[in-house]
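These notes are about the structure you will find just below.
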Amino acid sequence: MGAAIQEINVLCRPSVYLLYDAQTLVYVGQSKTPQSRVLQHRGDKTFTAFKILRCLPDRRKYWEDVLIRR
């Protein structure tokens, strides 16, 4: 997993997010406010990195499902 540079506004837009423990994908979620969801997961999931994938609000569930099945 390479470190991708993202604009700060990706944290405040509807997105799908992926949580990783080392190189292993451990969780896929979607949220209107991904930054707060990732922080909330610090209390109930073990992960060392995350990725936020911005998408259209009406496509969040679709992309979440696709990435979970992957």
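Brief remarks on what is shown
- Rolling a 1.4 angstrom probe over the protein heavy atoms with all chains in place gives the chain an accessible area of 71 Å² per residue.
- Rolling a 1.4 Å probe over the protein heavy atoms of the chain, with every protein chain left in place, gives an accessible area that is 53 percent carbon and sulfur.
- About the centre of its Cα atoms, the chain shows a dipole size close to 140 debye [charges on the beta carbon of Lys, Arg (+1) and Asp, Glu (-1) only; nearest 20 debye].
- Net length available on complete extension from Val26 to Leu56 is 8.5 nm, with 0.36 nm assigned per residue and the Cα-Cα distance removed.
- Listed values (i) 17, 14, 12; (ii) 24, 16, 9; (iii) 20, 11, 10, entry calculated as semi-axes √(5λ) of the Cα gyration tensor in Å: (i)
- Sequence of Tyr27, Tyr62 from largest to smallest accessible area, 1.4 Å probe: Tyr62, Tyr27
The values are calculated or read from the model by the stated rules, or taken from the named source; none is laboratory data. Everything quoted here is computed from the prediction, not taken from an experiment. So basically every Cβ, Gly included, is an ideal-geometry build from the backbone, and we count neighbours across all protein chains shown. Quick note on the areas: whole protein, heavy atoms, side chains included, nothing else; ligands and nucleic acids left out. Shrake-Rupley method; radii C 1.70, N 1.55, O 1.52, S 1.80 Å.
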